[in-house]
1. Considering (1) touching a helix residue (DSSP H, G or I) at 6+ places or on another chain (Cβ under 6 Å); (2) over 21 Å from R210 (Cα atoms); (3) not charged (D, E, K, R), say which one V91 fails and leave the rest.
2. Which helices (runs of 4 or more DSSP H) sit wholly inside the stretch 1-118 and have at least 1 residues that are modelled with pLDDT of 60 or more?
3. Mind listing just one residue for me: the one in the stretch 187-204 that is of a type in the set (G, A, S) and more than 20 Å from A111 (Cα to Cα) and, of those, surrounded by the fewest Cβ atoms within 10 Å (Cβ to Cβ)?
4. Look through D145, D158, D135 and report the one residue that is acidic (D, E) and either on the phi > 0 side of the Ramachandran plot or surrounded by 15 or more Cβ atoms within 10 Å (Cβ to Cβ) (or both).
5. Of the residues S130, S162, which is of a type in the set (S, T, Y), at pLDDT below 95 and under 24 Å from R210 (Cβ atoms)?
6. E166 is checked against (1) of a type outside the set (K, R); (2) assigned to a helix (DSSP H, G or I); (3) surrounded by fewer than 18 Cβ atoms within 10 Å (Cβ to Cβ); (4) touching a Phe, Trp or Tyr at 6+ places or on another chain (Cβ under 6 Å) and fails just one. What number does that condition carry?
7. For the structure I just gave you, tell me whether R211 is at pLDDT below 95 and either in contact with a strand residue (DSSP E or B) (Cβ under 8 Å, 6 or more places away or on another chain) or under 26 Å from A81 (Cα atoms) (or both).
8. With respect to R99, determine if the residue is touching a residue at least 24 places away in the same chain (Cβ under 8 Å) and among the charged types (D, E, K, R).
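The values are calculated or read from the model by the stated rules, or taken from the named source; none is laboratory data. From a predicted model like this one, the values you see are computed outputs, not experimental measurements. Glycine also receives a Cβ, built like all others from the backbone with ideal geometry; neighbour counts cover every protein chain displayed.
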Amino acid sequence: MAELASSALLDAHVVHHRPEHPRLDRQARVATSHAALRGESFRRSCDRANVMWMDELAELREALDAAEARFTADEFVELPAAERDGRTIRVVLTRRFYRLARRARIWRGAALVITLKNARYGFDPNRARSLGGRDGVFLLDRGIDNSMTRKIYGQFFDRTYSGAAEVAAFLSATLAELQAIRLVSHHMRLLGVLYRGTSADWLVIVDFDRRAS
């Protein structure tokens with residue numbers, strides 16, 4: 001039953017993201033431009049983009065399956081990197097997050113894979129805070145009181161032995177250099193920290209928050 005639900009969620013996600021002007025996914029825009037040069041129809045180019053989308057989701061699912069075995073020995077597991085606007089996006093899952101996800105039964109769900117894929121949008125400092133309804137990586141401000149900030153600040157940054165110091169050490173950074181973020185999809189929010197290196201953005205996921213229906 002869980003596999004059927006995940007399959008249905010993936011199908012719904014593809015339909016939801018079927019490119020429609022002006023909110024074309026970047027992949028769809030590229031596929032559409034190439035299709036125009038080849039004389040293909042817009043619909044066929046959209047179908048091609050959806051195939052690419054599903055391939056990326058399958059790649060992430062395989063990476064999560066491989067990560068599960070590694071968490072028996074490793075505290076941090078990195079997922080396949082991506083490139084965006086000249087910067088490398090490196091997503092790292094923590095054993096802390098893995099245990100929370102398993103306990104909440106979201107680890108094998110399609111919503112987790114879909115949300116992780118949105119990390120490939122990258123972090124845009126010019127749009128660092130979400131205005132609502134947008135997928136991607138956004139900062140979480142300490143001054144705002146909600147379930148996400150209580151988890152990332154109250155239960156992680158401000159709590160002794162939460163693993164925050166270990167995350168900083170893993171990144172060869174100080175706690176002051178880490179920024180609280182949420183990785184947003186239409187299904188859930190993954191919570192973690194952002195560390196901006198010279199040429200790479202590191203996203204370390206430590207918790208999650210279910211999106212209100």
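1. Of (1) touching a helix residue (DSSP H, G or I) at 6+ places or on another chain (Cβ under 6 Å); (2) over 21 Å from R210 (Cα atoms); (3) not charged (D, E, K, R), only one is false for V91: (2).
2. Because the criterion is at least 1 residues that are modelled with pLDDT of 60 or more, the helices (runs of 4 or more DSSP H) in the stretch 1-118 that meet it are 42-70, 95-103, 110-117.
3. Per the stated criteria, the residue is S199.
4. D135
5. Answer to the check: S130.
6. (4)
7. It is true that R211 is at pLDDT below 95 and either in contact with a strand residue (DSSP E or B) (Cβ under 8 Å, 6 or more places away or on another chain) or under 26 Å from A81 (Cα atoms) (or both).
8. Here the answer is no, as R99 does not meet what is asked.
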